[in-house]
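What follows is calculated from the coordinates using simple rules that are stated; it is not laboratory data. Given the structure is predicted, the values throughout are model-derived calculations rather than measurements. Using ideal geometry, Cβ is built from the backbone for each residue, glycine included, and neighbour counts are taken over all protein chains shown.
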Amino acid sequence: MSQQSRSRLWFLVHSWIGLKLSLFMSFILITGTLAVFGQEIDWLLNAQMRAPESVPEQEVAWGDSFDSLQRVYPEARLISLDRYHNDAFALHSTLITEWGENSYLWFAPADGEFLGARSFYGVQRFLRNVHRHLMLPIKYGVPLVTSLAIPLLISLIAGFVVYKKFWRGLFSWPRFDRKPRIWLGDLHRLAGLWVSWFVALIALTSVFYLAEELGWRGSPFPQAEQQMEARTQALPRDFSGADLDVAIANARAELPGLQVRRVIFPGNSARPLAIQGDLSAVLVRPRANAVYIDPATLEVVGSYTGEQLDFYTRISEAADPLHFGYFGGFLTQLLWFLLGIIMSGLSITGVLIYAERIRLGEKTRKRLEEPGRPLTIGVAQGQH
Amino acid sequence: MKFISQWWDAMGIWRWLNVIPVAIALYLAFGYEAMADGWINQGTRQVGSNEIVVATRGALRAGESLDVRINITQAEPLLVGFDSEGSEPVQFEPSNGEETMELEVLLPNAINQHAVLTVENQRDKARWNLGRLIL
């Protein structure tokens with residue numbers, strides 16, 4: 001096969017994937033882009049999610065928030081109490097109400113004042129669930145969505161094969177004074193080149209999610225090492241906010257420097273309280289650093305840090321921060337959002353270029369079919 | 001518009017493989033509730049000698065109606081409502097042998113207090129605290 005034929009074949013692969021999967025791919029890309037700021041959109045729409053004042057991590061009123069939580073929903077099943085990475089957010093608790101609904105409760109970080117409650121299902125959850133698994137059961141939805149990463153990777157490689165000496169295009173400004181077919185192509189190539197690393201990152205993390213969903217699992221997180229005092233309930237009946245503050249102080253003493261981000265309440269009487277947060281390991285979720293506390297004695301019964309996790313788990317922990325872009329706070333989120341818009345734009349401009357190609361093809365065919373028109377043969381030079 | 005029809009035609013049979021998952025996702029998203037399907041048992045109480053089991057179905061929203069299922073051991077006239085000002089209790093009179101009834105009760109229109117369901121006969125009253133309502 002000649003180099004030209006090979007190039008033509010790769011071009012067909014690139015345009016075929018871009019066209020035949022355009023709607024589904026664009027839907028996933030656009031919902032994923034919006035999901036980067038899903039929490040922030042909810043924050044704008046729901047006043048109770050906004051922290052009345054931001055406080056340093058050491059002064060967050062975990063215990064007072066727990067007491068407020070017990071006052072307003074004494075019978076609810078507690079899941080967790082969380083601090084978002086952005087200080088503009090109030091503390092929030094995830095729980096299951098007495099009527100079986102997953103809900104969020106919000107508390108002022110400074111004094112634990114109850115700010116409000118709302119259903120678990122908001123803009124963020126809508127975008128996340130639609131983007132991640134199309135609202136289908138996880139075992140069907142995640143493989144369906146993440147399998148798009150394979151044609152995406154093939155299309156990325158094909159784009160580079162087709163685009164000869166692509167590095168020259170990194171600084172080629174689109175020719176906006178030319179026909180749409182020309183400037184759309186220029187724009188598509190320029191944007192594609194600059195975001196190619198991001199496309200590869202998103203595709204590779206998606207392949208990882210696909211592999212995980214198909215059964216590729218690492219070892220579980222380390223568990224509590226020491227015996228806990230026997231108890232009959234998930235949390236002792238008299239467990240209070242003051243006890244939670246002691247538990248958090250003990251967790252900080254166990255892992256000095258731990259920035260507490262989440263408290264996970266035990267689901268049953270055999271489970272400990274887990275205090276999770278940020279420490280020294282980079283590109284990990286808060287659950288990568290944890291201290292287990294016996295809720296009856298408030299003593300530490302186990303702990304681990306991100307550095308102690310095995311290779312697979314470190315990769316697994318890095319996948320979410322890299323895919324979602326929150327690892328550097330608001331600035332990286334903003335960057336991921338902009339890159340997401342460009343990536344979605346690639347899908348759309350690809351379709352527009354294809355449509356222009358069809359339109360021009362039809363026009364040429366009609367001209368050739370006109371009676372008495374002389375046939376001209378020429379060589380066109382330029383990029384596809 | 002011509003562009004859309006050209007694109008639609010060019011996708012061929014693949015258009016349906018694109019449309020179906022997107023349509024399913026949107027359909028499911030708009031009917032989604034963040035809770036388990038079916039009845040949630042809220043517990044058993046005595047109203048006099050009548051043992052009553054209350055179950056609810058669906059989310060509790062201030063000012064909206066709630067599906068309530070009541071199991072009784074004795075057929076007698078009962079009032080079902082909420083411990084709240086302005087609440088209109090629902091009266092029902094089960095016939096002999098009827099042990100389970102489903103009814104709709106209007107929830108109080110207040111999100112800053114607990115919704116306490118009440119079932120009473122002529123002498124006694126039992127309460128079920130269903131929790132604090134959310135938006």
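The convex hull defined by the C-alpha atoms of the range A:268-338 has an orientation-averaged projected area of 6.0 nm². In degrees from 0 to 90, rounded to the nearest 10, what is the angle of the helix A:330-369 Cα long axis to the longest principal axis of chain A? Relative to chain A, helix A:330-369 is tipped by roughly 20 degrees. For chain A, modelled as a Gaussian network with Cα springs under 10 Å, which listed residue fluctuates most, A:Arg125, A:Arg365, A:Arg271? Maximum fluctuation in the GNM of chain A, among the listed residues, is at A:Arg365. Springs between Cα atoms under 10 Å define the GNM used for chain B, and in it the highest mean-square fluctuation of B:Arg69, B:Arg123, B:Arg45 occurs at B:Arg123.
Please list the non-local residues whose amide H lies under 5 Å from the amide H of B:Ala62, H modeled 1.01 Å from N, same-chain partners needing a gap of 5 or more. It is B:Ile134, by chain and number. Size descriptors for the range A:166-233, from the alpha-carbon set: Rg then Dmax equal 24.8, 77 Å. Pairs over the 31 Å Cα-Cα cut-off, from the set A:Lys139/B:Lys2; A:Lys139/A:Lys165; A:Lys20/A:Lys165: A:Lys139/B:Lys2; A:Lys139/A:Lys165. Residue ranges A:143-152, A:229-238 sort as A:143-152, A:229-238 when ordered by packing (mean number of other C-beta atoms within 10 Å per residue, highest first).
Shape analysis of the range A:315-363 based on the Cα gyration tensor places the equivalent ellipsoid semi-axes at 36, 12, 4 Å, largest first. Ordered from longest to shortest, the equivalent ellipsoid semi-axes for the range A:186-265 are 45, 19, 12 Å, each the square root of 5 times a Cα gyration tensor eigenvalue.
In a simple Cβ point-charge model (Lys, Arg +1; Asp, Glu -1; nothing else charged), the range A:1-109 has a dipole of about 1100 debye relative to its Cα centre. A cut-off under 11 angstrom between Cβ atoms defines the neighbours of B:Leu78, and their net charge, with Lys, Arg +1 and Asp, Glu -1, is -3. Hey, what angle do you get for helix A:311-324 against the long axis of chain A, alpha-carbon based, 0 to 90 degrees rounded to 10? Tilt relative to chain A: about 70 degrees. Under the classification rounded if a/c is under 1.5, otherwise prolate if a/b is larger than b/c and oblate if not, where does the range B:14-76 fall, given a ≥ b ≥ c as square roots of the Cα gyration tensor eigenvalues? Prolate, because a/c is 1.5 or more and a/b exceeds b/c. In units of the compact-protein estimate 2.2 N^0.38 Å, the range B:5-135 shows a Cα radius of gyration of 1.55. Relative to the longest principal axis of the Cα atoms of chain A, the long axis of helix A:149-162 lies at roughly 40 degrees. Estimated from helices alone, the mean residue ellipticity of the protein assembly as shown at 222 nm is -13500 deg cm²/dmol (sum of -39500 (n - 2.57) over DSSP H runs with n ≥ 4, per residue).
Its Cα gyration tensor gives the protein assembly as shown an equivalent ellipsoid, and the semi-axes of that ellipsoid, as √(5λ) in whole Å with the largest first, are 55, 32, 19.
Near B:Pro108, once Lys and Arg are set to +1 and Asp and Glu to -1 for all other residues with Cβ below 12 Å from its Cβ, the sum equals -2.
Peptide A:7-17 shows a mean partner chain C-beta count of 0 within 10 Å per residue C-beta. For chain B, a Gaussian network of Cα nodes joined below 10 Å ranks B:Leu106, B:Leu26, B:Leu66 by mean-square fluctuation, and the top entry is B:Leu26. Taking Cα centre as origin and charging only the Cβ of basic (Lys, Arg, +1) and acidic (Asp, Glu, -1) residues, the dipole magnitude of chain A rounds to 3420 debye.
The H on the amide N of B:Ala115, modeled in the peptide plane, is under 5 Å from the matching H of B:Leu130, B:Gly131, B:Arg132, B:Leu133, each at least 5 residues off or on a different chain. Using equal-weight Cα scatterers in the Debye expression, the normalised intensity of the range A:26-79 in log10 at q = 0.20, 0.25, 0.27 Å⁻¹ is -0.93, -1.02, -1.05.
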